[in-house]
Each structure stands twice: as C-alpha cells, then as structure tokens.
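Notes to accompany the following structure.
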C-alpha cells in the first residue's frame with residue numbers, strides 16, 4: 001500500500017512518507033498504513049495500551065533510518081522503534097499517532113572476525129538467529145530467554161536484556177562491543193567499533209544500552225561471542241525453608257561455576273502439575289525449588305557437585321533432589337522452570353519484575369508475602385525468578401470470583417506496597433523488562449529525583465525535540 | 001600547616017580553604033599548601049608537565065567532597081582528583097593553579113555482602129588492598145596490573161583500568177556494580193547500588209567509569225568479587241612469524257579458557273637478558289614470545305593444553321616452549337613479561353598504548369614497523385602487550401647518540417603516523433591509559449568530531465562551570 005492510498009493521514013506524516021519514497025529510495029513495501037499493520041506493529045506483548053500509530057516504516061539501512069529521523073525532526077513527528085515486539089513494559093507501543101520504525105528489514109548478519117569472536121549484526125536480527133549463527137561457528141551467544149525466537153537484538157540492547165544465564169554470562173551489555181546509532185538529532189555515531197579496550201572518553205555506547213530507544217535508535221551492533229558450554233548438567237533441588245535456598249546457592253557457588261541458579265515455589269509447581277505437561281520432580285512436594293546448571297566436562301566436577309549436594313542434604317537444607325543424566329533429561333528438568341510463565345497465564349497474573357541484592361532476597365520475599373497475605377488474603381502469590389542475580393518475578397494470581405478490572409485496580413494498590421518494599425531494600429522496580437510506559441509512574445522508587453533530572457538533561461543532548469520514543473521511561 | 005600560614009594563596013582559594021575548616025569540619029591535616037606537598041600531589045607518573053596546584057585537600061567523606069565541589073563552583077576554582085598518581089596520561093596532573101582533591105584519607109573498606117560477593121569501598125582504597133581483602137574472604141579481585149600496589153580504585157574506575165587478566169575477566173567496568181559520585185554541580189548520586197539487573201533508564205554509572213573525573217568525582221563504589229582462580233599454569237612459547245602468534249592464540253582459545261595471553265618481542269627479551277634479572281626461556285632466541293596462563297585444576301585440562309601445544313609444534317608455529325610445574329615457576333615465567341617496562345625504562349622509551357581488533361593486529365604491527373624502519377632507521381622498536389585483547393604497547397627506544405629533547409620531538413612526528421595507522425584500522429589511541437592531557441591532541445583519531453561534540457554536551461550536563469579536572473580528555 002502506498003501513502004497516497006490513505007487520505008486520512010495527517011499532513012505532516014503524509015509529507016514525510018512522500019519524501020521517503022521520492023527522495024530516500026523507500027520502496028512501496030517499506031511503508032504500511034493499513035489498519036491491520038498499524039494494529040500489528042503498533043504494540044508489544046503489553047496489553048494495557050491500545051495501539052494507534054499513523055504509519056509503519058521499514059528502513060533497510062542506517063542511512064534510511066537517519067532520513068526518517070531528520071524528516072521527523074523537521075515535521076515534528078514522534079517515532080517509536082519496533083523490534084520483535086516481545087516487550088513487557090510497553091516500551092515499543094505506539095499509542096499516540098507515532099510513526100513506527102520497524103527493524104524487520106534490517107536483519108542481516110555482517111562481517112565475522114574469528115580471532116575476535118566478534119560479529120556485526122543489524123538491529124533486526126532475531127536473538128535465535130544470532131544464537132544459530134554462533135552455533136554454526138562452533139561458538140555461543142549466551143544471552144537467552146523465553147522470547148529468543150522472536151525478540152530482536154535491537155530491542156535486547158534497548159532494554160539490556162538479561163534472562164536465564166546472567167549468573168555466568170552477565171547482561172546483554174557485556175556482549176555489545178560496538179554500536180551504530182542514529183541519535184535523535186539525526187547524527188550517525190559508530191561507537192567503540194568492537195574494541196575490548198578503548199579509554200578515549202565517555203563510553204556513549206553504554207548510554208544507548210538500556211535507553212529503550214529514547215536517545216536514538218540502534219541500527220547495527222558488534223557482538224562478542226563465547227565458546228560453547230560443555231556438558232551442561234542440571235540439578236533440581238527441593239527445600240522447605242527459604243533461608244535454605246540461599247544456603248544452597250552459597251554452598252554450590254563456593255565450589256562450582258554455575259551457569260544458572262533459578263528459583264520457583266510450590267504454587268508454581270502446583271499449577272504446572274495441574275497443567276499436566278511436566279512431571280513432578282520428587283515424590284513429595286516441597287515449598288521451594290531451585291534449578292541449577294553447570295558445565296561438567298570432567299569427572300571431578302561431577303564428583304564435587306555430588307559432594308556439595310550430599311552435604312546440603314546432611315545439613316537438612318535440601319529435602320530431595322534430582323540430577324540430569326543426559327541432555328534430554330536436562331531439557332526435561334528445564335521445563336519445570338520454563339513452562340511456569342505459560343502455565344500461570346490462565347490465572348491472569350499481575351507480574352512484577354524486581355531485583356534487590358541477593359543478600360536481601362529472603363527479607364524482601366518475607367516482607368512482600370506478609371503484606372499480600374495480611375491485606376489481600378484472597379490473592380495467591382507465585383514466585384519464580386533468577387535468584388542468583390537477585391531478580392524475582394512476583395506474580396499475583398487473580399481470584400476466580402474477582403473481575404479482571406477489579407483485580408488490576410487492586411494490584412495497582414498492591415504495587416505501591418511492593419515498590420515501597422523495593423525502595424526499602426534499595427532495589428529496582430524493573431530488573432530486566434525496562435520502564436517503557438508501564439513502569440514510568442514508579443521510576444522514582446528506584447531513581448532519585450536528582451538522578452531523573454540528569455536523565456532528562458541527557459535526553460535533551462541527544463534528542464532535543466523529544467521525538468525518539470516519546471513518553472517512555474519518563475516524560476521529558 | 002594551616003591555610004593562614006600561606007599568604008601567597010589566591011584570595012578565592014584562601015576563602016575556600018577557610019570555609020572548609022570553619023564550616024565543614026576539615027582538620028588541619030586535611031589541607032596542605034607547602035611546596036613539597038604541592039609537588040608530590042600535583043602530578044602522576046607522567047613527566048611532561050610541571051605540577052602547579054595551589055592547595056591539596058584530603059576529604060574524609062562524600063559530604064566533604066560535596067562541600068569542596070560546591071565551594072569550588074561558588075568561587076570559580078578548578079579541582080583535580082588525585083588517587084595513587086600512577087597514571088600515564090597526565091589525567092591527575094594539576095598544572096594550572098588547581099586545588100587537588102586527594103582521596104588518600106578515603107581508604108576504608110565498608111560493608112561486605114557474602115551472598116552477592118560484593119563489597120563497598122571508598123575511592124582511595126588501593127588496588128592491592130582490595131585484592132588482599134578479597135583473598136581474606138577466599139575470593140578474588142581480578143583486575144590486576146603493575147601499579148596495583150599504589151593505584152587507587154577511584155583512579156582505576158576513572159580510567160576503566162584493564163591490565164593483564166582482561167581476556168578472562170574484562171575491564172574494571174565489569175566489576176563496578178555501584179558508584180557514589182559527586183557531580184560537577186555538587187549533587188551526590190548513588191548509582192545502581194550494587195544490583196546485577198536494573199533496567200530503569202540510562203545507566204549513569206557507566207558514564208562515570210572512564211570519565212577521568214571530568215563529570216564528577218567517584219567517592220565510593222560497590223565492587224563485585226570473583227572466586228579465586230585454581231592451579232594457574234603458565235606457558236611461554238617462542239615463534240618466528242607474527243602470524244603464528246595469532247595461530248597459537250586461536251588454537252589455545254578453541255580448547256582452553258585462557259586467563260592471560262601476553263606478547264613480547266625479541267627486543268624486549270634482549271633487554272631483559274642484558275639486565276640480568278630473568279633467565280632466557282629457551283636455548284635459542286625467537287622473534288616473538290607469548291605467555292599464556294590458564295586454570296588447570298583437573299588433569300584432563302593439562303592433557304588438552306599439552307595436546308594443543310604439540311599440535312602447534314607440529315604445525316611449525318611454535319619453535320620452543322616451556323610450561324610451569326609449580327607456582328614458583330609460574331611466577332618466574334611471569335617475570336619475563338612483568339619486568340619489561342622497568343628494564344626498558346633506561347632506554348628512555350616513548351610509549352604508546354593502542355588497540356585494534358585482534359584480527360587487525362598482524363597488519364597493524366606490520367604497518368607500524370614499516371613506517372618506523374623506513375623513516376627512522378635509527379629507532380629501535382620494542383613491542384609488548386595484551387594481545388588477547390588487541391592491546392599493544394609500542395615502545396620506541398631512544399638512540400644513544402640523540403638528545404632526549406630531539407628524540408621526543410621526533411616521536412611527536414612518529415605519533416602522527418602511528419595514529420593515522422590506528423585510525424586506518426578503526427582502533428583506539430588509548431587502550432587503557434586514558435586521555436588526560438597527553439592524548440588530548442589525538443582524541444579525534446579515535447572519536448569523530450560529532451562524537452566529541454556529544455562528549456562536550458554531556459560534560460556540560462554534569463559540570464556546567466567546567467571545574468572538574470578541566471583540560472583533561474578535551475577542552476570543554
């Protein structure tokens with residue numbers, strides 16, 4: 001569909017789209033304004049906001065992105081970046097007449113430098129596509145999470161995505177060795193160009209990682225790859241006291257290089273069993289579960305892991321445990337953790353993704369449980385998360401007899417208590433999902449007013465007209 | 001010495017110092033204005049600039065640093081931060097009437113969180129002090145380099161220090177989980193507070209890492225520690241072709257997790273032997289040497305290393321090699337690399353610390369060698385560095401028959417060629433030594449003019465009066 005077929009477009013938008021086709025080599029299939037496309041590309045996985053963009057554009061090069069940004073500045077049009085649209089904080093929702101800039105047509109994998117284990121990618125490369133590329137090179141891209149099949153690298157960089165292997169491999173930030181960005185002023189910057197060591201002034205690359213497209217759009221990146229993990233082995237352990245979860249973490253970390261240390265509670269397991277897709281790990285249900293993973297290419301590592309496991313049993317910390325004997329079994333055990341999100345989705349969960357220091361996790365969970373059980377005795381709470389990073393997913397499940405609207409209204413009130421508790425422990429109101437629009441009202445629980453003033457001042461430096469993903473993170 | 005004893009002080013400085021003692025609890029020993037102190041604290045290891053500060057102040061708390069910054073703004077006085085003064089780019093030199101803010105009295109190690117392997121430190125904590133603290137807790141602080149005995153953590157953070165273990169453990173940036181800073185406007189910010197995951201807007205912490213104190217001063221940090229390395233084993237290998245150095249790197253990296261991959265040339269070994277402190281590693285001298293290190297707690301790792309070594313010999317890449325059989329032997333082999341700087345210092349070396357992608361290292365070294373040998377046949381070049389990170393130390397040695405002044409003047413001309421070559425390969429004119437004053441004229445070889453404009457704009461956000469380490473990195 002060409003712009004001329006959509007007479008209802010605002011004049012400025014029409015002018016911009018026409019300029020793209022006449023002056024900047026945009027082809028017909030690089031612009032969409034039909035209702036179905038606006039609905040599709042106007043939102044992410046967040047459901048609270050109705051999409052309402054005016055057009056979707058699909059640049060193919062950094063220069064085309066630059067053209068869009070320059071025209072948007074000239075015509076006062078707001079741009080929303082769009083990747084795999086798997087975000088959970090409405091960071092990629094266009095709800096106010098924006099033009100959506102989709103990176104779907106910038107999904108090429110470019111030059112590969114074997115000696116550096118470094119690869120250049122465009123922003124629209126899907127996480128799994130990069131993981132597959134790495135595997136083909138006998139290497140590994142270690143940032144992994146449930147939406148890897150559709151999330152795009154540009155979005156991962158914009159939110160500094162984390163996931164299930166952070167305890168060993170860190171966040172997306174750690175793997176981004178270079179960025180090409182188009183700033184809100186329309187400048188193209190090539191930041192750090194893949195180097196490991198470069199002490200030549202402020203590392204602007206770091207500002208764009210986690211900026212959710214509010215300073216500019218990432219168009220290309222240089223990503224470091226890692227050697228493949230060897231002989232990954234999985235244990236699932238059951239505990240009845242939360243303090244023992246922490247004891248087990250310390251005991252294993254002292255002896256074994258963990259690649260994951262995940263946590264879930266009996267509520268999660270109850271729902272999983274009701275759903276019938278996975279098997280109960282032990283004969284008797286325990287209150288808490290951890291899934292831990294490590295490389296065991298050498299026999300002595302396995303011996304050491306068994307030793308730690310046995311000493312945890314003797315200490316009374318662990319009630320029961322199971323260890324994978326094959327890759328298939330390891331994958332089966334991982335399902336216990338991976339299927340939780342999908343399984344509880346039928347209970348209309350209200351999700352919060354928070355983090356505190358690992359040392360503060362036990363007190364934090366206690367506090368939240370006490371608040372919810374005393375104020376909302378009808379609410380069931382399901383905890384899971386990446387406890388080895390201090391990152392907890394708090395899910396409040398909707399009681400059967402409560403309407404969705406009433407439930408969400410009540411959850412907003414609970415939020416205040418949750419975020420007060422996050423603040424009390426100096427934690428984060430968004431550990432890995434970003435701020436977008438859903439966490440914007442709560443930003444001040446994690447960043448001081450003075451800090452937020454600096455954030456706004458930095459935004460002005462890169463995007464003085466506030467056209468880049470306006471209304472996300474904070475109101476500039 | 002009290003400020004009143006130094007009548008020659010500029011009035012504004014005198015006013016500031018008086019306010020510190022009368023209003024901000026500074027004691028007599030927290031202010032120095034005697035000539036010897038001005039000389040001592042007014043410079044770092046860089047020798048090209050004469051120190052000329054007006055006073056040295058020694059705050060004991062973040063609040064005292066804030067008082068100094070606020071008064072400096074009010075009275076238009078420039079502040080220079082001072083840590084261990086081991087910098088090589090004049091980043092901590094006060095050459096123009098500044099007040100030096102020394103962190104010598106802020107050297108306390110604070111709260112330790114075992115479950116997080118996290119410790120709070122003040123900026124004046126010496127690297128070795130932190131390393132020792134970690135060891136006492138059966139942990140490890142992995143950023144290590146020759147000046148660890150005197151460099152302070154605040155300075156390491158300000159330059160994002162690297163060193164000899166970057167190939168495995170990354171730069172200082174990777175270990176800084178939180179920062180307390182006083183900005184140039186006099187605001188105290190507590191950035192990230194130790195969290196692993198925190199996706200709540202721009203990560204300002206990252207801006208201050210590597211900013212050389214030009215945006216504000218780091219007063220405290222939360223540092224992540226790591227488990228101790230186990231059974232470190234060292235190999236030194238000799239090669240006659242530079243391309244084989246790269247082959248050996250690839251061969252080992254494919255099979256072994258290296259903790260170091262260092263490089264030096266026969267010129268370095270020749271000088272080391274003349275100095276007589278270390279033994280020749282092999283019977284015959286080779287053109288190039290690498291020192292590689294890895295953990296070998298399990299027999300099969302050692303077997304694998306031997307296998308790779310043998311296949312490198314069979315391929316003709318490696319001429320000779322030696323492997324440590326004990327901790328003492330490993331330390332002895334490390335001396336080959338560690339003693340180079342000291343050994344060549346008698347030859348008045350002109351040092352450059354540059355980096356390029358590892359894949360570009362062979363061509364880069366070829367280009368530089370060709371330039372120097374054709375234009376400056378009398379100059380001897382000694383190469384060493386952290387080649388596993390693409391970081392090379394280029395040392396041009398002064399010919400005996402040339403005066404120091406003539407030599408340095410010639411080297412300024414060579415610089416132009418060196419940095420043109422760095423630019424050709426998209427590299428960095430300062431890999432890990434920072435920009436300070438010595439690399440300021442060459443910043444544009446590694447950062448575009450547009451980028452530098454953004455750097456200046458960010459500086460204005462945090463330090464509008466340009467009082468924080470003025471004249472370093474760029475002229476604001």
Among the residues that make up the range B:102-116, is at least one of them within 14 Å of another protein chain (Cβ to nearest Cβ), touching a residue at least 24 places away in the same chain (Cβ under 8 Å) and buried (at least 21 other Cβ atoms within 10 Å of the Cβ)?
yes
I'd like to check which helices (runs of 4 or more DSSP H) are fully inside the range A:270-376 and have at least 1 residues that are surrounded by fewer than 16 Cβ atoms within 10 Å (Cβ to Cβ) and at pLDDT 95 or above.
A:299-314, A:327-338, A:361-375
Take residue A:380 and tell me if it is surrounded by fewer than 23 Cβ atoms within 10 Å (Cβ to Cβ) and more than 29 Å from residue A:157 (Cβ to Cβ).
yes
Pull up the range B:275-300, narrow it to residues that are more than 23 Å from residue B:386 (Cα to Cα) and without any contact (Cβ under 8 Å) to a residue 60 or more places away in the chain, then point me to the one that is nearest to the chain's Cα centre (by Cα).
B:276
Selection from the range A:403-436 of residues outside any helix (DSSP H, G or I), modelled with pLDDT of 95 or more and under 14 Å from residue B:199 (Cβ atoms) yields A:427, A:428, A:429, A:430, A:431, A:434, A:435, A:436
Within the bounds of the range A:226-240, is there any residue that is touching a strand residue (DSSP E or B) at 6+ places or on another chain (Cβ under 6 Å), within 13 Å of chain B (Cβ to nearest Cβ) and crowded, with 23+ Cβ neighbours inside 10 Å?
no
Report whether or not residue B:458 is part of a helix (DSSP H, G or I) and either more than 19 Å from residue B:394 (Cα to Cα) or out of contact with any helix residue (DSSP H, G or I) (no Cβ under 7 Å at 6 or more places or on another chain) (or both).
yes
Conditions (1) in contact with a strand residue (DSSP E or B) (Cβ under 7 Å, 6 or more places away or on another chain); (2) assigned to a helix (DSSP H, G or I); (3) more than 21 Å from residue B:185 (Cα to Cα): number failed by residue B:53:
(2)
Sort out which residues of the range A:179-200 are closer than 19 Å to residue B:203 by Cβ, in contact (Cβ under 8 Å) with a residue 60 or more places away in the chain and surrounded by fewer than 24 Cβ atoms within 10 Å (Cβ to Cβ), and write them in order of number.
A:183
Considering the range A:419-443, residues that are more than 23 Å from residue A:45 (Cα to Cα) and more than 10 Å from chain B (Cβ to nearest Cβ), and then whichever is surrounded by the most Cβ atoms within 10 Å (Cβ to Cβ), we arrive at A:422
Candidates A:2, A:8, A:21, filtered to the one that is more than 24 Å from residue A:471 (Cα to Cα) and at pLDDT 95 or above
A:21
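The values are calculated or read from the model by the stated rules, or taken from the named source; none is laboratory data. Remember, predicted model here, so these are calculated numbers, not experimental data. All Cβ positions, even for glycine, are placed from backbone atoms using ideal geometry, and neighbour counts span all protein chains on display.
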